[in-house]
Amino acid sequence: MQYADYLRSVPKVELHCHFEGTVRAATFADLARRHDITLPTNEVAKLYDYETIYEFLAIFGMVSTTLIDREDFARCAYESLEDGVKLGNLRYREMFFNPTLHTRRGVPMATVIDGLVDGIRAAENDLGVRCRLIADVYRQDPPAMARQMVEEVLEHRRDELIGLGMDGAEAPDPPEKFVEAYQLARAGGLRLTSHASEDAPPVNITTCLDVLGCERIDHGYHIMSDPAVIARCRDQGIYFTCCPTSTAVVYGWPDLTTHPIKDMVAAGLAVMLNSDDPTMFHTDIGREYVELCTALDYGPATVRGLVLNGVDATWLDESDKAAMRTDFTDVLNRLDAELASSSG
Ligand code: ADE
Ligand code: ZN
């Protein structure tokens, strides 16, 4: 067995993946055609070309405009999970979506959530993969819009919807802007996370933990500039949902051998790997493991640590988590034996 095949085959959890950033380019083009929306290019292969987070977010917004009917959300959620299963043995995902990118265009919240839930349930039924949803605050929205989004999400809550997160361009809009939205979500029983220190200093991590009440940190790379925040997060066992390729592309760490993820792992932080916006960054969850673990020379023991961090970082209940840990450990033991026998 080749090591790349091993890395694709290990069972995976994914906790940092944006629904809108998982839409296949061909599906984006198809939905645009169906809804009579003109795209900047007719070449499907060029639809997802950009160089900065701002260009990326503009296309992310354009993808969102092609999602209109409940069936559109269902189709794309299903395809997204199907890609994860086929390309990386995805078993469980907690998936972000941006409600206000849809509701501001007049798409009802119920259409968005019910469509996503339809797709998720169909994928679980057909493929065995499970998925839960995290509604994301879009940082460039005004605080009142974020607050209203949380109210509407709580009104339309389904069992699958378990958390609140935050994304968008980090540098111009700090996390404390959205404290009310987070308080409301917490009071409504949602779990909490946020993108932080993807493109801003580690004080954003501290704010997310202490002011917003976040339990996980999405990205977090700039933590490496503050030893006190590193020590605190390590001691508290804060999980970091890291994304090699997306940040290599838009945040200037193109060489994965020097990506801050390496130092985060070496510093003893609880890192797990994700694909962020896989189709939009021309990647998938299997490829993220292949690229990072080969670049950093991570052997099976380190890979197992990353995979099981993912399980432990989920918001599943403890018995569910324990069962997943046992199941994953069995599969990892089998794959490790196969790998050893083929190289030995
Ligand atoms: N929205 C989708 N992906 C994102 C990312 N990596 N950072 C910020 N906002 C996002
Ligand atoms: Zn992200």
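How large is the helix-only mean residue ellipticity at 222 nm for the chain, computed as the sum of -39500 (n - 2.57) over DSSP H runs with n ≥ 4, divided by its residue count, in deg cm²/dmol to the nearest 500? It lands at -15500 deg cm²/dmol.
In the frame of its principal axes, the chain has Cα extents of 59, 43, 41 Å, reported largest first.
Short-range pairs are left out: with C-alpha atoms under 8 Å and at least six residues apart, the relative contact order of the range 3-343 is 20 percent.
Between the residues N333, F19, A231, the greatest Cα displacement towards the positive end of the dipole of the range 3-343, with unit charges on the Cβ of Lys, Arg, Asp and Glu, is found for N333. Karplus-based coupling profile of the range 275-283, in residue order and whole Hz: 9, 6, 10, x, 5, 5, 9, 6, 9, with θ = phi - 60° in 6.51 cos²θ - 1.76 cosθ + 1.60 and x standing for Gly or Pro.
Positive end of the dipole of the chain (Cβ unit charges, origin at the Cα centre): among T258, V129, S194, the Cα lying farthest that way belongs to V129.
Taking every DSSP beta bridge that has both ends in the range 3-343, the antiparallel portion is near 0%.
Dipole check for the range 257-313: with +1 at the C-beta of Lys and Arg, -1 at the C-beta of Asp and Glu, and the Cα centre as origin, the magnitude is about 180 Debye.
Considering only A169, V311, T38, the residue lying farthest towards the positive end of the dipole of the chain is V311, judged by Cα position with unit charges set on Cβ.
Semi-axes of the equivalent ellipsoid of the range 216-333 are 22, 19, 13 Å, computed as sqrt(5λ) over the eigenvalues of the C-alpha gyration tensor in descending order. Counting only protein heavy atoms and a probe of 1.4 Å, the accessible surface of the chain is 50% carbon and sulfur. Counting every alpha-carbon pair across the range 33-138, the share separated by more than 23 Å comes to 33%.
Counting Lys and Arg as +1 and Asp and Glu as -1, each charge on the Cβ, what is the dipole of the chain about the Cα centre in debye, to the nearest 20?
Charge dipole of the chain: 320 debye, to the nearest 20.
Lys-Lys pairs in the chain that are eight or more residues apart or on separate chains and whose Cα atoms lie under 26 Å of each other come to 5. The H on the amide N of C131, modeled in the peptide plane, is under 5 Å from the matching H of R93, each at least 5 residues off or on a different chain. The residues of the chain expose, per residue, 38 Å² of accessible area to a 1.4 Å probe.
The values are calculated or read from the model by the stated rules, or taken from the named source; none is laboratory data. Small disclaimer: the values here were computed from a predicted structure and weren't measured. Note that we place each Cβ from the backbone using ideal geometry, even for glycine, and neighbour counts take in every protein chain shown. Calculation scope for accessible area: heavy atoms of the full protein, side chains included, ligands and nucleic acids excluded. Shrake-Rupley method; radii C 1.70, N 1.55, O 1.52, S 1.80 Å.
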